[in-house]
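Okay, structure first, notes after.
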Amino acid sequence: MTRYAYLGLFLIGLGAIVYVLMSAATGRPAGNPLAAYATGQMEKLDFGSAGQPIPTGTFIDTDNTAQSLELFKGKTILVNYWATWCPPCEKEMPSLGALQTARGDSGFEVVALSVDAPEDVDYAKRRLTELGAAHIPFRHAPMDSGDIIYGAGVRGFPTTILYGPDGLEIARLAGEADWASNEAVQFIDAAIKAAR
């Protein structure tokens, strides 16, 4: 009888270890209530860096001054790293524009950081509007300085990172997504509500 009890405890322990390893491998830690929103368009959400502070690097803001993401502390921000030379970036930009139109207010903002070369800034500004994201202010984080890009751990484009009002990362998504989809809007709404 005790042999079966030990075997049962061993199997339960093994199952728990496998569950934790699988959670870590998928970037969805056990117990994160927002992980339930990682479905459909949001299935690639990665919670593995949750709790990391916003990067200390800078970007060029709308008034041509160097700013950091500290500027947005106190609100939930969805930071999107994009470029005009990146077809998936351009493909998802209209949905980011729609999300900003639908949810942008004093508590939430889409922050699009163009990584285009400095000589392409005028073109990138125009493309942002042409792509249906006129309500998202143009901000520039050139790759040649790259401190904010590398500080955020961005490895490819597009990469989109959600930060809470405390300046800590909630989740990230590498690659394109439909940010106007029901799954995305529900995720953003849940993150905003959880941050209050």
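Points to keep in mind about this one:
- Identity of the residue in segment 94-114, of a type in the set (A, V, I, L, M) and surrounded by 17 or more Cβ atoms within 10 Å (Cβ to Cβ), that ends up nearest to ALA152 (Cα to Cα): LEU113
- Residue ID - farthest from ILE77 (Cα to Cα), chosen from residues in segment 115-138 that are of a type in the set (Val, Ile, Thr) and surrounded by fewer than 19 Cβ atoms within 10 Å (Cβ to Cβ): VAL121
- Residue match in segment 64-83 (condition: under 20 Å from PRO158 (Cβ atoms), part of a helix (DSSP H, G or I) and at pLDDT 95 or above): yes
- Lone qualifier among TYR163, TYR123 - being touching an Asp or Glu at 6+ places or on another chain (Cβ under 8 Å) and over 15 Å from THR84 (Cα atoms): TYR163
- Which listed residue, of ALA152, ALA174, ALA180, ALA195, is under 11 Å from the mean Cα position of the chain (by Cα), open to solvent by 30 Å² or more (accessible area, probe 1.4 Å) and aliphatic (A, V, I, L, M): ALA174
- Residue within segment 107-119 that is more than 24 Å from ALA195 (Cα to Cα), in a helix (DSSP H, G or I) and touching a residue at least 24 places away in the same chain (Cβ under 8 Å) present: yes
- Of all residues in segment 163-188, exactly one satisfies the criterion of being in a strand (DSSP E or B) and touching a helix residue (DSSP H, G or I) at 6+ places or on another chain (Cβ under 6 Å), namely ILE170.
- Counted residues, segment 61-93 - those being in contact (Cβ under 8 Å) with a residue 12 or more places away in the chain and either on the phi > 0 side of the Ramachandran plot or open to solvent by 60 Å² or more (accessible area, probe 1.4 Å) (or both): 6
- When residues of segment 25-40 are limited to those that are modelled with pLDDT of 95 or more and either aromatic (Phe, Trp, Tyr) or out of contact with any strand residue (DSSP E or B) (no Cβ under 9 Å at 6 or more places or on another chain) (or both), the one surrounded by the most Cβ atoms within 10 Å (Cβ to Cβ): TYR37
The values are calculated or read from the model by the stated rules, or taken from the named source; none is laboratory data. In this text the structure is predicted, and so the values were computed from the model without any measurement. Every residue, glycine as well, gets a Cβ built from its backbone with ideal geometry; the counts of neighbours run over all protein chains shown. Side chains are part of the model used for accessible areas, which takes the heavy atoms of the whole protein and leaves out ligands, DNA and RNA. Shrake-Rupley method; radii C 1.70, N 1.55, O 1.52, S 1.80 Å.
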